[in-house]
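Below is one structure, written out as structure tokens; comments come after it.
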Amino acid sequence: MERTAAAGATGPAPERAPSSEADRPGDVTGRTRDAVLPDVAGLLDGMPQQRMPVGASAVSSPAPGPAGTGADVRGSAAPRARALALRPWRLLPTPTGTPFTFAYAVVLTVTSLIATYADPALVHALHQGSSTDVAHLVHTPVTVLLASGLWTAGGIVAPYTICFLLVLTALERRIGGARTAVVFLLGHVLATLATEVPVGLAVLAGHLPDSSLHRLDYGVSFGVATSIGALAGLLRPWLGWPVLAIFGALLVQDLLGLADPLTGWGHLIALVIGVGLWPLVRRWRAASAH
């Protein structure tokens with residue numbers, strides 16, 4: 001009898017190449033491996049760097065930023081660093097950033113040029129008409145209180161003029177232009193009244209001559225001193241307290257020098273007014289931040 005059989009039926013069956021990783025001899029199946037080792041579930045053998053050690057991603061590759069931004073965590077710190085960088089031009093007033101200080105500085109520049117180049121007799125008449133002495137305060141208080149703040153004693157390069165630019169710019173950037181004007185005017189008006197009213201009372205009591213009613217008093221120094229006091233309350237303590245102490249010491253030194261005691265007392269009173277405004281200006285800054 002002739003025997004017919006399929007090819008290879010009489011010999012051992014040839015080995016079939018494994019069709020997947022689960023069919024390899026000696027290896028666990030895919031489902032068994034995923035169940036036993038859930039940490040490696042879904043990974044493909046022979047594919048390097050599918051999972052990084054803990055903490056390695058922060059060193060070797062940047063963490064992705066918000067979806068769609070294309071930014072990473074390291075890049076997000078760059079704008080903050082740039083924002084904190086020193087920008088010297090922000091120390092001076094600008095038309096858009098600090099409109100009140102800028103406009104006021106323009107007016108002071110014009111009046112300083114007039115005081116420098118105009119006829120001395122005309123300048124003296126303008127200063128006398130703008131003086132906040134007792135005689136003018138009795139007859140035209142509002143006019144002279146406003147007019148006296150249009151001049152700077154010593155010109156555009158005087159110390160109080162430079163302080164005006166720096167201090168009011170810093171104050172306006174923190175609380176806004178209208179509130180800065182309120183702080184300045186409060187100091188200018190209250191310190192003026194605090195120094196001139198006692199003079200008028202002393203003249204009425206006979207302790208001072210009538211000529212004391214016509215003393216020359218003008219300038220922005222009272223408003224600047226109040227603004228310095230108010231600004232010190234908005235600065236960080238390591239900066240605000242030294243500013244307050246140094247400026248206060250300078251005012252005390254001027255007062256002890258007896259060059260102009262009435263003005264010296266006015267500056268100290270104006271500084272105290274600014275310090276007394278700390279609760280108000282701090283609320284204003286908080287409101288401006290929102």
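The values are calculated or read from the model by the stated rules, or taken from the named source; none is laboratory data. If you're wondering where the values come from, they're calculated on a predicted model, not measured in any experiment. Please note: Cβ atoms are built from the backbone with ideal geometry, for glycine as well, and neighbour counts cover all protein chains shown. These accessible areas exclude ligands, DNA and RNA; they are computed on the full protein's heavy atoms, side chains included. Shrake-Rupley method; radii C 1.70, N 1.55, O 1.52, S 1.80 Å.
List of remarks:
- Pairs where the first residue, in segment 266-290, is more than 22 Å from Val220 (Cα to Cα) and charged (D, E, K, R) and the second is open to solvent by less than 30 Å² (accessible area, probe 1.4 Å) and in a helix (DSSP H, G or I), C-beta under 6 Å, 6+ apart: Arg285/Ile175
- Of all residues in segment 173-187, those satisfying the criterion of being open to solvent by less than 10 Å² (accessible area, probe 1.4 Å) and in contact with a Phe, Trp or Tyr (Cβ under 7 Å, 6 or more places away or on another chain) are Ile175, Thr180, Gly187.
- Odd one out for Gln128, checked against (1) farther than 30 Å from Ala289 by Cα; (2) of a type in the set (S, T, N, Q); (3) surrounded by 17 or more Cβ atoms within 10 Å (Cβ to Cβ): (3)
- Residue match in segment 217-229 (condition: modelled with pLDDT under 95 and more than 24 Å from Leu91 (Cβ to Cβ)): yes
- In segment 181-230, the residues that are without any contact (Cβ under 8 Å) to a residue 60 or more places away in the chain and of a type in the set (D, E, K, R): Asp210
- Residue within segment 229-238 that is open to solvent by less than 50 Å² (accessible area, probe 1.4 Å) and either on the phi > 0 side of the Ramachandran plot or in contact with a Cys (Cβ under 6 Å, 6 or more places away or on another chain) (or both) present: no
- Search result, residues across segment 273-290 that are assigned to a helix (DSSP H, G or I) and surrounded by 18 or more Cβ atoms within 10 Å (Cβ to Cβ): Ile273, Gly274, Val281, Trp284
- Of everything in segment 242-271 that is touching a helix residue (DSSP H, G or I) at 6+ places or on another chain (Cβ under 7 Å) and open to solvent by 70 Å² or more (accessible area, probe 1.4 Å), the residue that is modelled with the highest pLDDT is Trp265.
- First in segment 235-258 and within 16 Å of Cys163 (Cα to Cα) and outside any loop (DSSP other than H, G, I, E, B), second anywhere and open to solvent by 60 Å² or more (accessible area, probe 1.4 Å) and at pLDDT 95 or above, Cβ under 6 Å, 6 or more apart: none
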